[in-house]
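Notes follow the structure.
A short reminder: the numbers here are calculations on the coordinates, not readings from a lab. As the structure is a prediction and not an experimental result, all values here were calculated from the model. FYI the Cβ positions are ideal-geometry reconstructions off the backbone, even for glycines, and counts take in every protein chain you see.
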Amino acid sequence: MEKNESKKLKALSDIASIDITLELDNILLEILKTTCETMNAHSGTMMLVDEDSNELKMVSSYGLPEDYIERVYKAARKAGLPISSSPSGDVLRTGNPYPVPDIFKEPKDRPWFELARQIGFSAQLFTPISQGLKVIGLLNIYMEKVHDFTEEEINFVTIAASQASSVVQNARMCMKLEGKIRETHEALFYSEARYRELFENAQDPMYTHDMKGFFRSINKAGLEQLGCTENEEVIGTHISRWLAPESYKLVEERFRKIYFGEPLDQPVIIEVICKNGTHRWGEVRTSLIRHENQVIGTHGIARDITEKKKLEQHLRESEVKYRELFENAQEAMYTIDMNGTFLAMNNVGLNALRVRKDEIIGTNLSEWLTPESMETARHRLSEFAKGIQLGPMVYEIVRKDGEHIWIEVNNRYIMEGGKITGIHGIARDITEKKRLEQKIKDYHAKLEKSYEELLEADRIKTEFMSNITHELLTPLTSIKGFVELIDDETMGKINAEQKKSLEIIKRNSERLIRLIKELLDTSNLENNKLGLQFRLVSVNSILSRTIQDIHPQANDKQITIIKDIQQIPEIWGDEERLVQVLTNLLINAIKFTPHEGKITIRAAEDIEHVKISISDTGIGIPADKLKNIFDRFYQIDGSASRKYGGVGLGLSICKSIIDRHFGTIWAESNGHGSTFHIVLPKLRYDPGENNV
């Protein structure tokens, strides 16, 4: 025992110390080889969940033929099943190991029986490779003979898989890091060329100059703005050659700030004198050029605002016309200085605040805004002072009478002599909109709370349904059993009247048991716990068994059952659940078909499917109800449901079972009876090869 423990500890140490700089395929093979040799296994495989497609893919094998992986996929395609339909799928879903002591007794391995016989292994252990709660792959080992895996063996392979997870994760991280390093090198290689291309082809003027004010570079757009055609006309010249006197003083002040490490105001407006003597204005943003932590120059980007300056001049000349428009505007308009003091307000604004002009002019914004809105206004004033144009903003205003209103404001700064001197604003009353938005917000909060309460109620309902059905099923089963004992006179003789009463008790007990089982199935469906046991099943056998079981009920109503059933090949399915579906459909047909009616059962096949239909001559289903009949608890007509019984669960359960068989179920009705159709997939078959 100690020798085995030592061997396993060494194996785990070897796995943990694998060189992660190796190719990922080699890392996986080393992990697999070490694990298989330690377990004395015949062979093994490694599967990983692809990070892009999220599909399970076999990436490595040990002790197996080179074409093993392709043969596994081929067998899966032949069976029409994904690889994850094997026990590996259960491991992915649950995160727990899945031992298979005898492959040939494991239904989920059936598509691969022949492959296992050919290669020579009889037992398997599927183990999850996990990262946290997420399963990222499987480490599987195969034993030559039938083998009951011990808890110690399962624990060893589980630990090996856990260490493998760390190695795989580190290897993937290394691969990603190497890719990023390569990308960084390429980016650095091309950055200088890209910068030069951007600099030369920029739509706005760009330039650099040293700390003495001499131009070192300028792009094509800059040359055009100055009216030049050659770089030599600008490069090497001093900036004073191209600036108006006031703008040069401004630039000198910026040089002083750079020298003393003071922050620069951005942007700055400068007046340029072009080569031909014309004046233009630019809005310039400056960044510093450093070398070894020392500022050696500046880089500037300019935006031509000459037309804007001309428009501002035009606006000043149109002040009289503006004043008329200002006073007669349909929306509130005002001007303030850069400290937030009101300079002007039109009549609409005065009416909105319930004030006279002398009560507002000269007062500050702080007297009319709530503290929160005033804080926003101060920030925006400082931004406007820098020449930054901002978008609309909502403020909360306190009117003279104390009432609160909300306004949406659009501002622009007022320029005089190249300097921002104030703010012009247009305000729109949005009080009703804000109140409506608050109502909507409150309503949304109520809806969210109601939704959470509904979710909790649904959870409690599902839990209650599951618990109560289990609690009811046990005593009802006992009642039915004792009734049968008494009815069989096992516990003593009974008379005819007593026997008739017992039949009533037995029939109603069976009805209650069926109802409880339907509720239990519904609960399991909601919790995704409706387990299916798939294997090869005979459709003809299922049909014969079901028809035989329901014959007594059909005979009671003198209903003729017509069979048009071809010989159908076996399919992959859960026999008991398919019997449940067909029994439910036939009982419904009997229930809704009058005395001496007919029920026709047809079964046939095509290339890929098995088709079953059950037709009756009953009351039919209204056309507008057909799309809802498979909904849970749905009943076509309350009065009809009381006449015929049932709670609307049977067809819902039938649909869920057929869906889990990858089939379809639907109903048709022409007003003179109904037909229910079921289509199930057949197993794929390639001539000359073994198929399951």
- Note on the structure: Ordered by fewest other Cβ atoms within 10 Å, a rough proxy for footprinting exposure, F126, F104, F592 read F104, F592, F126
- Item | Cα pair distances exceeding 17 angstrom across the range 200-248, given as percent | 30 percent
- Note on the structure: With x for Gly and Pro, the residue-by-residue ³J(HN,Hα) of the range 395-406, computed from phi through the Karplus equation 6.51 cos²θ - 1.76 cosθ + 1.60 at θ = phi - 60° and given in whole Hz, is 10, 9, 9, 10, 6, 4, 7, x, 6, 9, 10, 10
- Note on the structure: Pseudo-spin-label distance I420 to W666, built 7 Å along Cα→Cβ, given in nm, is 6.6 nm
- Query: How big is the Cα convex hull of the range 2-177 in projection, averaged over all directions, in nm²?
  - Reply: 9.9 nm²
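How fast does the range 318-429 diffuse by Stokes-Einstein, in µm²/s, taking the Kirkwood radius from C-alpha pairs at 10 °C and 1.306 mPa s?
My calculation gives 112 µm²/s for D.
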- Query: Say each of L626 and D25 gets a label point 7 Å from the Cα, pointing the same way as Cα to Cβ; how far apart are those two points in nm?
  - Reply: 5.5 nm
- Query: Taking neighbour Cβ counts within 10 Å as the exposure measure, how do K449, K557, K655, K506 sort from fewest upward?
  - Reply: K449, K557, K506, K655
- Message: As a footprinting exposure proxy, order L29, L680 by other Cβ within 10 Å, with the fewest listed first.
- Response: L29, L680
- Extension reserve of the E151-K33 stretch, reckoned as 0.36 nm per residue once the Cα distance is removed: 40.4 nm
- Item | q = 0.11 Å⁻¹, the range 532-636: log10 I(q)/I(0) [Debye, one scatterer per Cα] | -0.38
- Could you run the Debye sum over the Cα atoms of the range 202-309, one equal point scatterer each and no solvent, and tell me log10 of I(q)/I(0) at q = 0.17, 0.18 Å⁻¹, two decimals? -0.77, -0.87
- Of the candidates L350, I405, G362, the farthest towards the positive dipole end of the range 318-429 (Lys/Arg Cβ +1, Asp/Glu Cβ -1, centred on the Cα centre) is G362
